[in-house]
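*Asks:* Please see the structure below; I have some questions.
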Number of protein chains: 2
Amino acid sequence: MGVVVSLDEGKKESASIRALMDLTRADMGRVNELILSKAGSNVEMIPQIANHLVSSGGKRLRPMLTLASAQQFGYRGDGHVKLATSVEFMHTATLLHDDVVDESGMRRGKTTARMIWGNQASVLVGDFLLGQAFRMMVDVGSLDALDVLSTAACVIAEGEVMQLAAAKNLETTEDDYLAVIRAKTAALFSAAAEVGPIVADAGKPERAALRSYGTNLGLAFQLVDDALDYGGSSADLGKNVGDDFREGKVTLPVLLAYRRGTTNERAFWKRAIESGETTDAALDKAIGLMTRTGALADTIQRARHFGGIARDALAPLRETPQKAAMLDVIDFCVSRVN
Amino acid sequence: MGVVVSLDEGKKESASIRALMDLTRADMGRVNELILSKAGSNVEMIPQIANHLVSSGGKRLRPMLTLASAQQFGYRGDGHVKLATSVEFMHTATLLHDDVVDESGMRRGKTTARMIWGNQASVLVGDFLLGQAFRMMVDVGSLDALDVLSTAACVIAEGEVMQLAAAKNLETTEDDYLAVIRAKTAALFSAAAEVGPIVADAGKPERAALRSYGTNLGLAFQLVDDALDYGGSSADLGKNVGDDFREGKVTLPVLLAYRRGTTNERAFWKRAIESGETTDAALDKAIGLMTRTGALADTIQRARHFGGIARDALAPLRETPQKAAMLDVIDFCVSRVN
């Protein structure tokens with residue numbers, strides 16, 4: 001297997017996100033309070049589903065980025081807490097709708113909301129959380145932040161539709177695939193990072209730096225995630241190795257292995273992705289092919305490429321603990337795999 | 001049958017919405033252009049689905065209300081056109097998600113988007129249109145309008161979840177039902193009407209007047225719609241008599257007929273709504289029971305009650321062609337049934 005996450009590396013990972021967690025701990029406490037209060041409703045099913053998602057955990061990387069990027073510019077107020085919560089709600093709404101679209105049964109090691117409360121409630125509670133996200137942004141009162149986040153909402157949805165249209169298509173080019181993840185994943189990372197300097201009234205170059213950092217971090221994050229789906233252990237990930245494979249998702253490791261494969265291997269990929277022949281034996285074979293063709297290693301290589309751009313994007317900024325922590329996050333994302 | 005729409009009344013209806021159409025014709029032309037341009041995307045499926053909905057027609061009552069209520073206060077700009085388009089997009093996004101939630105096959109006499117492009121695309125294109133709606137609001141730059149419309153987005157979603165939770169429950173009280181339609185229908189009418197005075201910089205009393213007008217018009221509109229589902233002709237409605245019945249929807253005519261019914265009749269309603277025994281014969285019987293118990297007539301009576309409140313809400317406003325047209329709309333809504 002070309003991709004493994006050893007226990008030691010597991011420790012290194014948590015170490016490299018530690019600085020960000022420490023710096024944003026107090027603010028994240030306020031974000032968590034706001035999440036609980038804004039997910040409240042007299043309509044019982046809404047807090048139930050919201051709590052299910054909140055307790056599902058996840059690293060809350062996106063809101064932490066908003067908080068740290070506001071702190072970077074010395075922000076003293078509570079707008080960044082509201083914006084960070086908005087970002088997390090947008091993310092949660094997307095997950096709810098995604099699980100419906102992908103017909104997923106598991107998310108981060110827990111049964112998905114749609115399996116418990118149904119597709120209908122998942123769609124509607126997602127709409128509610130998106131609405132609450134916008135209300136909080138309006139409450140902050142920054143039209144620039146509203147512009148960035150509402151544009152991200154559009155781009156994310158556009159990316160999801162793009163992905164749907166390209167579903168199971170092995171002829172998707174790497175460029176097409178990058179366009180999809182740029183929209184569906186990187187756009188929210190980018191917006192999360194950019195609203196920090198916006199709320200802190202920093203200048204245009206600072207906004208551009210954080211925007212670029214977020215975009216490229218998001219790309220690296222998604223590519224590593226795609227690779228981990230064919231390696232790493234289930235407990236570390238909260239998802240099972242092979243989930244993408246069994247859902248017939250066309251991710252970069254698949255695209256590269258398919259392009260680089262022999263005629264026979266391409267026939268294998270077609271049976272797997274297009275016809276759904278995704279037994280455990282087929283998954284083993286897929287991982288073997290990805291390793292032999294270098295598809296996994298090169299997916300990680302691509303991730304490192306974007307990680308490097310993210311790093312350079314922050315270079316002009318003043319040295320602060322926040323900047324150091326944000327640079328660590330790049331390593332955290334990329335070092336999840338070796 | 002207690003509720004019929006004769007050909008003559010059909011003519012009377014179009015007459016009473018005529019003034020509003022005439023006054024907003026030029027602005028609606030710009031709204032329609034904006035709809036087409038903002039529903040555009042390089043992702044093919046998005047304009048396809050959007051065009052399907054646009055060509056499905058509908059009266060576009062909500063954006064016309066926004067335009068007329070801005071005109072009422074002498075507004076000269078293009079913000080009202082953007083806000084009207086936002087309102088229509090919010091409505092369209094709700095329809096897309098509703099059809100998924102209700103598993104509907106037909107809408108306004110046309111096959112629903114979800115039957116052609118699937119539930120997945122309907123969810124995602126709804127999200128895209130909602131995002132575009134917010135972008136246009138941000139573009140107008142009024143935080144008050146953003147506040148009103150983002151709050152409406154939350155309330156609508158909350159109302160839909162409420163409806164889902166109360167689905168097929170014949171013990172729903174009239175108050176519960178009113179709370180549902182106040183959220184899922186009246187909130188958008190209310191917001192559509194209120195953003196007119198907001199963009200025109202009118203005062204608080206004017207905002208309150210339009211908000212109240214919109215809320216009560218929306219309630220009347222929904223109640224008449226509920227009654228028409230058990231009367232009226234398919235061609236007039238763009239939906240078939242009995243759609244709500246066959247979907248087991250608990251609307252006010254059903255609730256009243258159930259409450260007022262004999263033990264045997266209640267057993268009939270339980271078989272129909274809870275167990276789905278909704279043959280044509282059962283529909284005929286349902287309409288018969290609604291007529292005998294006065295459930296249909298009283299649903300209309302309730303609608304007239306709210307129509308009266310809407311009328312009084314506008315009373316303090318200056319007499320203008322717009323005000324007269326908005327008053328006509330109340331009659332249009334209520335006079336759809338006799």
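Each reported figure results from applying straightforward, stated rules to the coordinates on display, with no laboratory input. Being a predicted model, the structure only gives us computed values, none of them experimental. Note: ideal-geometry Cβ built from the backbone for every residue, glycine included; neighbour counts use all protein chains shown.
*Asks:* Compute the label-point distances linking B:Asp331 to its equivalents in the other copies; points lie 7 Å from Cα along Cα→Cβ; give nm, one decimal, shortest first.
*Replies:* 7.6
*Asks:* Evaluate the charge dipole of the stretch A:11-333 about its Cα centre and quote only its size in Debye, nearest 20, assuming +1 on the Cβ of each Lys and Arg and -1 on the Cβ of each Asp and Glu.
*Replies:* 540 debye
*Asks:* Across the residues of A:88-95, average count of Cβ atoms on other protein chains within 10 Å?
*Replies:* That works out to 1 on average.
*Asks:* A further question follows. Provide the packing ranking of B:177-185, A:258-266, i.e. peptides ordered by the mean count of other C-beta atoms within 10 Å per residue, highest first.
*Replies:* Ranking, from highest mean packing down: B:177-185, A:258-266.
*Asks:* Can you work out ³J(HN,Hα) from phi for every residue in the stretch A:169-185, in order, using Karplus 6.51 cos²θ - 1.76 cosθ + 1.60 and θ = phi - 60°, giving whole Hz and x for Gly and Pro?
*Replies:* My calculation for the stretch A:169-185 gives 9, 6, 7, 3, 7, 4, 4, 4, 5, 4, 4, 5, 6, 4, 7, 7, 10 Hz in order.
*Asks:* Now for a different question. Out of every Cα pair in the stretch B:242-304, what percent are spaced more than 13 Å from each other?
*Replies:* Cα-Cα pairs of the stretch B:242-304 separated by over 13 Å account for 57 percent.
*Asks:* B:Arg292 label points, 7 Å along Cα→Cβ, one per copy: pairwise distances from this copy to the rest in nm, shortest first?
*Replies:* The answer, with the shortest distance listed first, is 7.7 nm.
*Asks:* For B:42-49, what's the mean count of beta carbons from other chains sitting within 10 Å of each residue's beta carbon?
*Replies:* Partner Cβ neighbours, averaged per residue: 4.
*Asks:* Rounded to the nearest 20 debye, what is the charge dipole size of the protein assembly as shown about its Cα centre when +1 sits on each Lys and Arg Cβ and -1 on each Asp and Glu Cβ?
*Replies:* 360 debye
*Asks:* Could the peptides A:103-110, B:314-321, A:319-326 be put in order, highest first, of the mean number of other beta-carbon atoms found within 10 Å of their residues?
*Replies:* A:319-326, A:103-110, B:314-321
*Asks:* Given the options B:Asp312, B:Asp102, B:Asp226, which has the most mean-square fluctuation in a GNM of chain B, springs set between C-alpha atoms less than 10 angstrom apart?
*Replies:* B:Asp102
*Asks:* Can you run phi through the Karplus equation (6.51, -1.76, 1.60; θ = phi - 60°) for the stretch B:149-158 and list ³J(HN,Hα) in whole Hz, with x for Gly and Pro?
*Replies:* My calculation for the stretch B:149-158 gives 6, 6, 5, 4, 4, 5, 5, 4, 4, 4 Hz in order.
*Asks:* If you don't mind, there's one more thing I want to ask. Give me the Debye-computed log₁₀ of I(q)/I(0) at q = 0.07, 0.12, 0.13, 0.16 Å⁻¹ for the stretch B:12-334, equal point scatterers on Cα only, no solvent, two decimals.
*Replies:* After summing over all Cα pairs, the log10 values are -0.28, -0.82, -0.96, -1.39.
*Asks:* Put a label point 7 Å from Cα along the Cβ direction on B:Glu247, then list its distances to the equivalent points in the other copies in nm, shortest first.
*Replies:* List, nearest first: 2.8 nm.
*Asks:* Quantify how strongly other chains surround peptide A:113-123 by giving the mean number of their Cβ atoms within 10 Å of each of its Cβ atoms.
*Replies:* 4
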